[in-house]
1. Please enumerate the residues belonging to the stretch 118-154 that are part of a strand (DSSP E or B), aliphatic (A, V, I, L, M) and modelled with pLDDT of 80 or more.
2. Can you name the number of the only condition in (1) surrounded by fewer than 16 Cβ atoms within 10 Å (Cβ to Cβ); (2) at pLDDT 95 or above; (3) in contact with a Lys or Arg (Cβ under 7 Å, 6 or more places away or on another chain) that SER38 fails?
3. Of all residues in the stretch 202-218, how many are at pLDDT below 90 and either part of a helix (DSSP H, G or I) or under 24 Å from LYS141 (Cβ atoms) (or both)?
4. Could you list, ordered by first residue, the pairs with Cβ atoms under 7 Å in which the first is in the stretch 76-99 and assigned by TED's automatic domain parsing to the domain that holds GLY48 and modelled with pLDDT under 90 and the second is of a type in the set (Lys, Arg) and surrounded by 16 or more Cβ atoms within 10 Å (Cβ to Cβ), at least 6 apart or interchain?
5. Please work out which residue is modelled with the highest pLDDT, limiting yourself to the stretch 100-117 and to residues that are hydrophobic (A, V, I, L, M, F, W, C) and more than 22 Å from HIS37 (Cα to Cα).
6. Of all residues in the stretch 210-234 being within 10 Å of MET157 (Cβ to Cβ) and touching a residue at least 60 places away in the same chain (Cβ under 8 Å), which is surrounded by the most Cβ atoms within 10 Å (Cβ to Cβ)?
7. Go through THR183, THR158 for me and flag whichever is of a type in the set (Ser, Thr, Tyr), farther than 30 Å from ASN46 by Cα and at pLDDT below 85.
Amino acid sequence: MFKKLLFLALSFVFFTVAICDNSLTISQIQTGSWEGHSAWEVTLVNTGTRAIIDATLVAESNLELDKPENLWSMEILSPNKYHFPAWITQNGGLMNGTKHTFGYINSKTTPAIFSLLFLALTFTIFAIAFGDNALTFSCNKIKEWDNGSYTQWEVTMTNTDSSKRTIIDATIVGDSNLKLDKTDGLWSLELTTDNKYHFPTYLSQFGGLKFGSNHTFGYINHINTSATFTATDIKY
């Protein structure tokens, strides 16, 4: 059993060719026109489920700028290729359901045709902690019967994470002293495999176990002693 908390964060950047992905939509409206020129506002909307860290747009046709600064709120990569301004990437990308708007003045009366070259998407699978000091367990005997052959216990599980993080889920493991007559002999946790449990669904769905708070579960043991519980695969 580890004596120190080991934290492992798994984070991936995933590149998708735009022809295979429709999570960024492009639309534009005309905002003005004069003497063979026209002004346009382009809206990029993230319709996917993950943040878009960066995106490269290509002006396939009909883009004629009198000067480079006639296209704003995007950064130029090469002639007719643009990507997100740095501040979007630095602030975690374009979140799902949000939009970014840029504009340009075209030396034509019709709009340019933009297409998506690629997206950089990011997602965190989960954070895992291995160890036994982020969750602590205290056990209290409620009653016993049949001359101590059966005992009922109440276990209080407390979030004592040293970094004060909320715990979304964890695998709770009972040792060899956990002897249940039937699977429903332990309640307020959900069974995964023999003697292994995890948080009830409602606890994870409502934001997890916050630092300093506790969750109580109970069990009936077919032995006159308590089981010892440890936590692994803690997800923040």
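1. Here is the first cut: in the stretch 118-154, the residues part of a strand (DSSP E or B) are 118-130, 135-145, 150-154.
Still in the list and also aliphatic (A, V, I, L, M): 119-121, 125, 127-129, 135, 142.
Correct list: LEU135, ILE142.
2. It fails just one condition, (1).
3. 4
4. What qualifies is ASN96/ARG50.
5. From the stretch 100-117, those hydrophobic (A, V, I, L, M, F, W, C) are 102, 105, 112-114, 116-117; that's our starting set.
Within this subset, residues satisfying the condition of being more than 22 Å from HIS37 (Cα to Cα) are 116-117.
On the way: LEU116: 89, LEU117: 84.
Ranking the qualifying residues of the stretch 100-117, first place goes to LEU116.
6. Restricting to residues being within 10 Å of MET157 (Cβ to Cβ) and touching a residue at least 60 places away in the same chain (Cβ under 8 Å), the top hit is PHE229.
7. Values: THR158 fails: at pLDDT below 85.
Result of the check over THR183, THR158: THR183.
The values are calculated or read from the model by the stated rules, or taken from the named source; none is laboratory data. If you're wondering where the values come from, they're calculated on a predicted model, not measured in any experiment. Quick reminder, even Gly has a Cβ in these numbers, built from the backbone with ideal geometry, and neighbours come from all protein chains shown.
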